[in-house]
Amino acid sequence: MSTNANIAAQFLAVAAEQGSKPFLIEHGETVLTFADLESRTGRLAARLQTLGGKPGERIVVQIDKSPDNVLLYLAALRLGIIYVPLNTAYTAAELAYFIGDAEPVVVVCRPGDELSVRELAGAARVVTLGPAGDGSLFDSIPENPAPVAHCGADELAVILYTSGTTGRSKGAMLSHGNLASNALTLKDYWRWSSDDVLIHILPIYHVHGLFVALHGALLAGATMLFHRGFDPAQVIAEFASATVLMGVPTHYTRLTATDHLTPEACRSMRLFVSGSAPLLAEAHQRFEEKTGHRILERYGMTETGMICSNPYHAERVAGTVGYALPGEEVRICDEQGSAVKQGEPGVLEVCGPNVFKGYWRNPEKTSEDIRADGFFITGDIATMAADGRVTLVGRAKDLIISGGLNIYPKEIEEAIDALPGVDESAVIGLPDADFGEAVVAIVAHQKGADVQEEAVKTALQDQLARFKQPRRVVVVESLPRNAMGKVQKAALRQEYARLLD
Ligand code: MCA
Ligand code: AMP
């Protein structure tokens, strides 16, 4: 039989070498050792089997971050069931869409959401898991562990939903091979070792926290100091016993804003990684002034994992995302996919073992976004220097990134346009000191209709996750359009640039 490409097998092999060393520490207490991973994920995988879980089926998970959530993820990988994690901020209306699309056999939700989730879940079994390990998932855990399923490299491990320009989220299908290749590349590139101690502050339903951070620690056999939320003072207090931190730019600007961030506080740290959103050169410099450390900025996407990274040993240049990672090929193209002249801006395309298997049950969108030669069209506009260093200069896609969370305006515009009295709307991102960008809606009312800011905000509350809801709604008579009839969002961004000051 060929070797097992199940990424859980790789994690468990590393765990076996680490024995009783702490794997997950919370508030200074060891919650899980590496040795616990084999037994705990084995029995939890067996529990998922009793719920009807099997390879190739889906498990949808919308729960708070906890050590048990980490175990549940690893148990799903072990069983070969496809793990579908969801942002806890999604409303019931959003969840209904994901469940309808993913057609899971099991849904795991927070205990308080059980009744509403049961109404949406159809034939799926619904079990609960709370932040203290409470809930029905642990009601009857079998004694005998389930074996690690044998998976090929192309078999799916995870589906991650990523919002789309069409307004509906698409499920990006990631295989065991996709996840393993990216994790192994980053382990070498960032010099992970079993001596590392990672401060884990990110949510574990997106690529950054679930793959880049968690997989890194698991493959290296490194200990994690686990945080369920982000408190800058608590994180800085842990620097003395840690070596690595990963965060989005909002984390770094909030850390820099405290008085406790000093070179002395960071003396045992070796690596600060930033990504998911642009890190302003000024934020980069302020962090270096306060700590003596240069943040390592990298760039990635849900569909591809990490694509580019600043180097570990050579120069980390603020405002750039570094070089294509080993094993990946990056090119800068025009809309037809032909390479632009060196140094000119164009759309960044990437090819490699990290590129996903396509969008779940959406072959049309898959073939639009992955070219026949295997290159994935990211929709990010970049330039590449003669030595291969990449700088992101814009986005071809209409995307807002707020605090590292991606928000596609179309979805919000569709919700607003359906409200009484609304003619049309344009949702834009305006600069925000904390989140980088904040969501603002410009709404044109129908002739004679009375549309009020507060009424629009209230109407969106049950429909959209909190982070997508507009900070401000500006009601206007009409939206500016260009000669082609397209709404001029750039003009709106300029006109309302000071709205949030
Ligand atoms: C919280 N709020 C937000 C956001 N987060 N609003 C807009 N954008 C956000 N990102 C809202 C809350 O609902 C609350 O609303 C108010 O802001 C204040 O919340 P606060 O307590 O300050 O927020 P927080 O809990 O401290 O969260 C901020 C955060 C968090 C820690 C920056 O957003 C976060 O963890 N972001 C990281 C997301 C991430 O993992 N991204 C990676 C995606 P109210 O008070 O009105 O109720 S993966 C990716 O992008 C690619 C692949 C890559 O390259 O990594
Ligand atoms: P997601 O939709 O969550 O997969 O987010 C991927 C997008 O985040 C990319 O297409 C970029 O637009 C953005 N992104 C990720 N890392 C960076 C970075 N270091 N700088 C700027 N944008 C980034």
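Coordinate-derived values only; no laboratory data. These numbers were taken from a predicted model, which means no experiment stands behind them. Note: ideal-geometry Cβ built from the backbone for every residue, glycine included; neighbour counts use all protein chains shown.
From the backbone phi of the stretch 319-324, what are the Karplus-calculated ³J(HN,Hα) couplings (6.51 cos²θ - 1.76 cosθ + 1.60, θ = phi - 60°) in whole Hz, Gly and Pro given as x?
Karplus-based 3J(HN,Hα) across the stretch 319-324 equals x, 10, 10, x, 10, 4 Hz.
Along the charge dipole of the stretch 60-153, which of PRO142, ASN87, GLN62 sits closest to the positive end, that is, farthest toward it, with unit charges on the beta carbon of Lys, Arg, Asp and Glu (+1, +1, -1, -1)?
Farthest towards the positive end: PRO142.
Taking Cα centroids, how far is the stretch 1-51 from the stretch 73-124 in Å?
The two parts, judged by their Cα centres, are 23 Å apart.
Between THR50 and GLU114, what is the label-point separation in nm under the 7 Å Cα-to-beta-carbon projection?
Result for the modelled spin labels: 1.6 nm.
Which three semi-axes in whole Å describe the equivalent ellipsoid of the stretch 231-309, each the square root of 5 times a Cα gyration tensor eigenvalue, listed largest first?
Calculated on Cα positions only, the semi-axes equal 22, 13, 11 Å.
Expressed as a fraction of 2.2 N^0.38 Å, the rule-of-thumb size for a compact globular protein of N residues, what is the C-alpha radius of gyration of the stretch 102-258?
Relative to the rule-of-thumb radius for its length, the stretch 102-258 sits at 1.22.
Grab the eigenvalues of the alpha-carbon gyration tensor for the stretch 268-376, scale each by 5, take roots, and send me the semi-axes largest first in whole angstrom.
Semi-axes from the Cα gyration tensor: 30, 16, 12 Å.
Suppose the Debye formula is applied to equal point scatterers at every Cα of the stretch 1-146; what is log10 I(q)/I(0) at q = 0.17, 0.20 Å⁻¹?
Each listed q maps to, in turn, -0.95, -1.24.
Label point 7 Å out from ALA314 along Cα-to-Cβ: which residues of the stretch 181-209 have amide N under 20 Å?
Counting only backbone N, you get 185-192.
Treating only the Cβ atoms of Lys and Arg (+1) and Asp and Glu (-1) as charged, compute the dipole magnitude of the stretch 266-327 about its Cα centre; round to the nearest 20 debye.
Computed about the Cα centre, the dipole is about 260 debye.
Give, to the nearest whole percent, the P(r) tail of the stretch 406-501 beyond 16 angstrom, counting all Cα pairs.
Considering the stretch 406-501, 53 percent of its Cα-Cα pairs are separated by more than 16 Å.
I'd like to know which of GLY229, GLN469, ALA16 lies farthest towards the positive end of the charge dipole of the chain, counting +1 on Cβ of Lys and Arg and -1 on Cβ of Asp and Glu.
Going by the charge dipole, the pick is ALA16.
Between the stretch 400-429 and the stretch 451-501, how many Å separate their Cα centres?
7
Going by the alpha-carbon gyration tensor, a ≥ b ≥ c the square roots of its eigenvalues, is the stretch 437-487 rounded (a/c under 1.5) or, if a/c is not under 1.5, prolate (a/b greater than b/c) versus oblate?
oblate
Size of the dipole of the chain about the Cα centre, Lys and Arg at +1 and Asp and Glu at -1 on the beta carbon, nothing else charged, in debye to 20?
That gives the chain a dipole magnitude of about 380 debye.
Cross-link list LYS447/LYS486; LYS410/LYS489; LYS341/LYS489; LYS65/LYS410: which exceed 24 angstrom alpha carbon to alpha carbon?
LYS341/LYS489; LYS65/LYS410, as the Cα separations exceed 24 Å there.
Place the peptides 489-500, 314-325 in order of packing, highest mean first, counting for every residue the other Cβ atoms within 10 Å and averaging per peptide.
Ranking, from highest mean packing down: 314-325, 489-500.
For the stretch 169-290, give the magnitude of the charge dipole about the Cα centre (Cβ charges: +1 Lys/Arg, -1 Asp/Glu; no others), in debye to the nearest 20.
Around 320 debye, computed over the stretch 169-290.
List the residues of the stretch 397-431 whose backbone N lies under 13 Å from a point placed 7 Å from the Cα of ALA455 along the Cα-to-Cβ direction.
419-423
Would you please give the FRET efficiency between GLN285 and ALA418, computed as 1/(1 + (r/R0)^6) with r the Cβ-Cβ distance and R0 = 45 Å, to the nearest 0.05?
0.50
Based on DSSP H runs of at least 4 residues, each adding -39500 (n - 2.57), what is the mean residue ellipticity at 222 nm of the chain after dividing by all its residues, to the nearest 500 deg cm²/dmol?
Calculated mean residue ellipticity at 222 nm is -8000 deg cm²/dmol.
Using 1/(1 + (r/R0)^6) with R0 = 45 angstrom and r between the beta carbons of ALA433 and ALA96, what's the FRET efficiency to the nearest 0.05?
Here the calculated transfer efficiency is 0.80.
Report the antiparallel proportion of the DSSP beta bridges in the chain as a percent, rounded to a multiple of 5.
Antiparallel: roughly 60 percent of the beta bridges in the chain.
So what's the gap between the Cα centers of the stretch 155-199 and the stretch 352-397, to the nearest angstrom?
If we compute the Cα centre of each part, the gap is 15 Å.
Using the Cα atoms of the stretch 33-85, I'd like the radius of gyration and the largest Cα-Cα distance, Dmax, both in angstrom.
Values for the stretch 33-85 (Cα only, Rg and Dmax): 10.4, 29 Å.
Over all directions, the average projected area of the alpha-carbon convex hull for the stretch 382-454 comes to how many nm²?
6.6
Using only the Cα atoms of the chain, what do you get for the radius of gyration and for Dmax, in Å?
Rg and Dmax of the chain, Cα atoms, are 22.7, 72 Å.
Sorting check: for 176-189, 258-271, 105-118, which peptide has the highest mean count of neighbouring beta carbons within 10 Å, and how do the rest follow?
The packing order, highest mean first, is 176-189, 105-118, 258-271.
So which lysines pass the test for LYS357, namely a Cα distance under 22 Å, with those fewer than 8 places away in the same chain ruled out?
Result set, ordered by chain and number: LYS54, LYS170, LYS365, LYS397.
What FRET efficiency would be calculated for the residue pair MET484, ALA89, taking the C-beta separation as r and a Förster radius of 56 Å, to the nearest 0.05?
0.95
Would you mind telling me the antiparallel percentage of the DSSP bridges in the stretch 150-292, rounded to 5?
In the stretch 150-292, DSSP labels about 40 percent of beta bridges as antiparallel.
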